[in-house]
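The values are calculated or read from the model by the stated rules, or taken from the named source; none is laboratory data. Everything quoted here is computed from the prediction, not taken from an experiment. Cβ coordinates were reconstructed from backbone atoms using ideal geometry, including for glycine residues, and neighbour counts include every protein chain displayed. Just so you know, the surface numbers come from the protein's heavy atoms only, side chains and all, with ligands and any DNA or RNA stripped out. Shrake-Rupley method; radii C 1.70, N 1.55, O 1.52, S 1.80 Å.
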Amino acid sequence: MKNKREMKQERKEPVSLEDVVFGRHATVEALQARRGNKLFIQEDLKSHSIEELKALAKEFSVPIIWAPKAKLDEMTNKENHQGIVMKITPYEYLSLGELLENTKEKENRFFLILDSIMDPHNLGSIMRTADAVNVDGIIIPKHRAVGITPVVVKTSTGAVEHVPVARVTNLSQTIKKLKEDNIWIFGTDMNGTDYTKWNVAGDIALVIGNEGKGIGAALKKEMDEMITIPIDGHVQSLNASVAAGLLMYEVHRKRRS
């Protein structure tokens, strides 16, 4: 049992936002993935779900610290932490080679390539859907794009622990390597093949563009085919995570049928 002085020192320990997850679902998934280092629970929280979380932390030998809400607000930049914050080991990205090696025995592989997605909520939502439809992996650039942040983890409700993510330096070179591995590359654009007529047979990769600019002009030249979602209203495009979700489910639907 820690004395008050030890608890005070614990509460003053600096925490990088990149080193934590928060919210119940994301914390449970991180615990089960054995990435938990120290679990902080809001000191006035009492519920059956908290008792289950404590038991899970004990199972994986993760120490529990009871802390005031202000401390948890500080640790998460006042995000909606639900009274639960956990220090974790850093997220381990795959290389492109590792992703391809890990999936080489699979048939009809399906990858997502995200071209400079900047909003962590969009990435989290995309990952949540990707897990639901068994996407084999997501490829993101190292620069000028959001990575796996605590907000991404929480928005994905823990899906980040189940969907492999490869981070690469150059998307154009990455696409060339995918083509060498006989993977068809499809982009999203206002003009192209109606998504309902999309041939999703074989190994494919779908490129989702930046929230504002879409797919970069140079990257578009690397596409085997452009896919479009018809829009009849006043808006010119869909949110990146919405478009990605619709197209992922189209692949899922066609392959199930």
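Show me 129-141, 161-173 ranked by packing, highest mean number of other Cβ atoms within 10 Å first. If you can, show how the numbers build up before the last one.
Working: 129-141: 20.0, 161-173: 17.0.
The packing order, highest mean first, is 129-141, 161-173.
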With angles folded into 0 to 90 degrees, how steeply does helix 240-256 sit against the dominant principal axis of the chain? Use alpha carbons for both and round to 10. 70 degrees
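Using a 1.4 angstrom probe on heavy atoms only, work out the carbon and sulfur share of the accessible area of the chain in %. Present the calculation step by step, with values, prior to reporting the outcome.
On the way: 6490 of 13680 Å².
Within the chain, the accessible surface is 47 percent carbon and sulfur.
Between K177 and K46, take the C-beta separation as r, use R0 = 35 Å, and let me know the FRET efficiency to the nearest 0.05. If you can, show how the numbers build up before the last one.
Values: r = 52 Å, r/R0 = 1.50.
It comes to 0.10.
Could you give the length gained by full extension between S61 and A132, i.e. 0.36 nm per residue of separation minus their alpha carbon distance, to one decimal place? Walk me through the intermediate numbers first.
Details: separation 71, 0.36 × 71 = 25.56 nm, distance 2.97 nm.
Fully extending the segment from S61 to A132 adds 22.6 nm.
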Quick check: net charge around D131, other residues with Cβ under 15 Å of its Cβ, Lys/Arg +1 and Asp/Glu -1? -1
Could you give the accessible area per residue of region 155-257, probe 1.4 Å, as a whole number in Å²? 53 Å²
At 7 Å along Cα-to-Cβ for each site, give me the label-to-label distance between E92 and D19 in nm. 1.9 nm
Kindly flag which residue pairs out of K154/K221; K87/K213; K177/K213; K46/K87; K38/K177; K78/K179 have an alpha-carbon separation exceeding 32 Å in this structure. K154/K221; K87/K213; K38/K177; K78/K179
Linear extension gain, E74 paired with E225, 0.36 nm per residue minus alpha-carbon span: 49.7 nm
State the answer as a single residue: which of I88, L99, M118 lies farthest towards the positive end of the charge dipole of region 77-119, with beta carbon charges of +1 for Lys and Arg and -1 for Asp and Glu, about the Cα centre. I88
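At a threshold of 8 angstrom on Cα-Cα distance, excluding pairs fewer than six apart, so keeping six or more, what relative contact order does the chain reach in percent?
19 percent.
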I139's amide H: which non-local residues (gap 5+, or another chain) put their own amide H closer than 5 Å, with H modeled 1.01 Å from N in plane and none for Pro or chain starts? L112, I113, L114, A166
Which GluC sites (Glu not before Pro) in region 99-132 pass both tests, a DSSP loop state and at most 10 other beta-carbon atoms within 10 Å? E105, E107
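What fraction of the DSSP beta bridges in the chain is antiparallel, stated in percent and rounded to the nearest 5? Don't skip to the end; give the middle numbers.
Values: 9 of 34 bridges.
Looking only at bridges with both residues in the chain, the antiparallel portion is about 25 percent.
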Round to the nearest 10 and give me the degree value, 0 to 90, for the angle of helix 48-59's Cα axis relative to the longest principal axis of the chain. 90 degrees
